[in-house]
Amino acid sequence: MTTKNLIALTGVLATFACPCAAAASGLAQGGGARPQTTAPTAPNPPSTQPTPTGQTTPPTATTPPTTPTAPASPKPTVHTRLTAVPHPVIADGTAPLRVKLSGVPTPDSPVPMLTPGVAGKWSTAGDYVSFQPKSTLEPCSSYTLTVWAGTTATGELPLGGRRRQYRLNVACPGLQALQQALARLNYLPYTIDASHGRNSGNKAEARALAARYAFNPPAARLSPNVPHAPGLRYGSLDPTTRGALMVFQENHGMSPSGSPEPATWASLLAAETLGHGNPQPYTFVTVSESIPETLEVHRGSRVVITTPANTGVSGATTEQGTFPIYARYTSTTMTGTNPDGSKYSDPGVPWVNYFNGGDAVHGFPRGSYGTPQSNGCVELPIGTAGQVYPLLAIGDLVIVS
């Protein structure tokens, strides 16, 4: 190839290279060359390339937004207080005992304690902790209520200090309740005229019901159920009621005091619960000082013995009234003073029933009977006195009129 031809070929190659250069020059300098449109680039996926240790790098987790922390509850600053406790005199032993706190008790707050123990259940309602006896607190009794120092109301500090103790005295039921109980058990010759219609002591009765009658006797009146029944003053510890109570006490192994003591009420409730009524017909004695003087023994609805009798002479008369028999002897020595001031001592007097001081129904040998001859006693023929004696008991009434 000639030199002339080599120059010509070089020019041709230069001609083909210029457009590219021009385009590049125009892009860089903003010349008239048309720019190329570039597609948007997608984000690179998380790298899963092995790390230098050969482990795969996990994707970067997104941190969730932080929840604001609730402010801490303030610590208790005040101690629990007792805002109410039972009255020291409990009028109704069947009612619940309530202790009120200054707030709702916490679940782990210790329940109070009652001493001596009583069957029943403690429960919580609102600010109150209450004890409900299964039947009753014993009438005429005393208890100690203990509230522990650890007692705690919600949101408060414990009670603190020393445990609190309260003396509780349960009242004795009233005399109307006593008379109704004696009537239900057939120790009084009276029927309870009340809506519940209950008068038989020969049927068992739930102790809770008997206790409710004791502390809350139903409104009622008592109606005699035997002929010539001794009078009764409703709501009063009159001779008829005292006598019936003495018979009950004697039958249940207690001293026949004629007073409704704690042990008496416990026995009354037990007798009603067990249905243990009076095993004997209601018995009483009437003495008439009308001439001829007589004595009659009433047993249930019948007069079982009628006999002439002697009462006291002038200056040593037999007091009229209603008297429970308080002492009995098959034989005893009687001593005293005659109306004229002289002394007497009579040994071996048989079949003696004392009813008023030194006055007694007893046997005594006389030439006749039916007129005042004694020193205040009611004298009977000895044989008749022997028949009367086993029919009577401590507490049976002698009515002199």
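Restricted to strands (runs of 3 or more DSSP E) entirely inside region 291-339, those with at least 3 residues that are surrounded by fewer than 17 Cβ atoms within 10 Å (Cβ to Cβ) are 302-308, 327-337.
In region 269-290, the residue that is nearest to residue 362 (Cα to Cα) out of those that are within 40 Å of the chain's Cα centre (by Cα), among the small types (Gly, Ala, Ser) and in a loop (DSSP other than H, G, I, E, B) is 277. For region 357-369, taking the residues that are over 29 Å from residue 253 (Cα atoms) and not hydroxyl-bearing (Ser, Thr, Tyr), the one that is surrounded by the fewest Cβ atoms within 10 Å (Cβ to Cβ) is identified as 367. Candidates 350, 390, 372: the one that is surrounded by fewer than 20 Cβ atoms within 10 Å (Cβ to Cβ), touching a His at 6+ places or on another chain (Cβ under 9 Å) and not basic (Lys, Arg) is 350. So which residues in region 125-143 are buried (at least 16 other Cβ atoms within 10 Å of the Cβ) and either of a type outside the set (Gly, Ala, Ser) or outside the structural domain of residue 158 (by TED's automatic domain parsing) (or both), if there are any at all? Passing the criteria: 127, 128, 129, 131, 133, 136, 137, 138, 139, 140, 143.
If you go through region 342-364 and pick out every residue that is free of Cβ contacts under 8 Å to residues at least 40 places away in the same chain and in a strand (DSSP E or B), you end up with 14. Only one of the numbered conditions (1) touching a residue at least 12 places away in the same chain (Cβ under 8 Å); (2) over 53 Å from the mean Cα position of the chain (by Cα) is violated by residue 311, and that is (2). Screening residue 132 on (1) among the polar types (S, T, N, Q); (2) within 15 Å of residue 146 (Cα to Cα); (3) in contact with a Gly (Cβ under 6 Å, 6 or more places away or on another chain) shows it passes everything except condition (2).
Taking each residue of region 134-152 that is assigned to a strand (DSSP E or B) and looking for partners that are at pLDDT 95 or above and among the hydroxyl-bearing types (Ser, Thr, Tyr) with beta-carbon atoms closer than 6 Å, six or more apart or interchain, yields 144/115; 145/166. Within the set 287, 304, the sole residue that is out of contact with any His (no Cβ under 8 Å at 6 or more places or on another chain) and at pLDDT 95 or above turns out to be 287. Residues in region 165-210 that are at pLDDT 95 or above and over 27 Å from residue 284 (Cβ atoms): 7 in all. For the subset of region 236-271 comprising residues that are under 18 Å from residue 215 (Cβ atoms) and of a type in the set (Gly, Ala, Ser), which member is surrounded by the most Cβ atoms within 10 Å (Cβ to Cβ)? The extreme case among them is 271.
Filtering 306, 322 for residues that are without any contact (Cβ under 8 Å) to a residue 40 or more places away in the chain and not basic (Lys, Arg) leaves a single hit, 306.
The values are calculated or read from the model by the stated rules, or taken from the named source; none is laboratory data. Keep in mind it's a predicted model, so treat the numbers as computed, not measured. Glycine also receives a Cβ, built like all others from the backbone with ideal geometry; neighbour counts cover every protein chain displayed.
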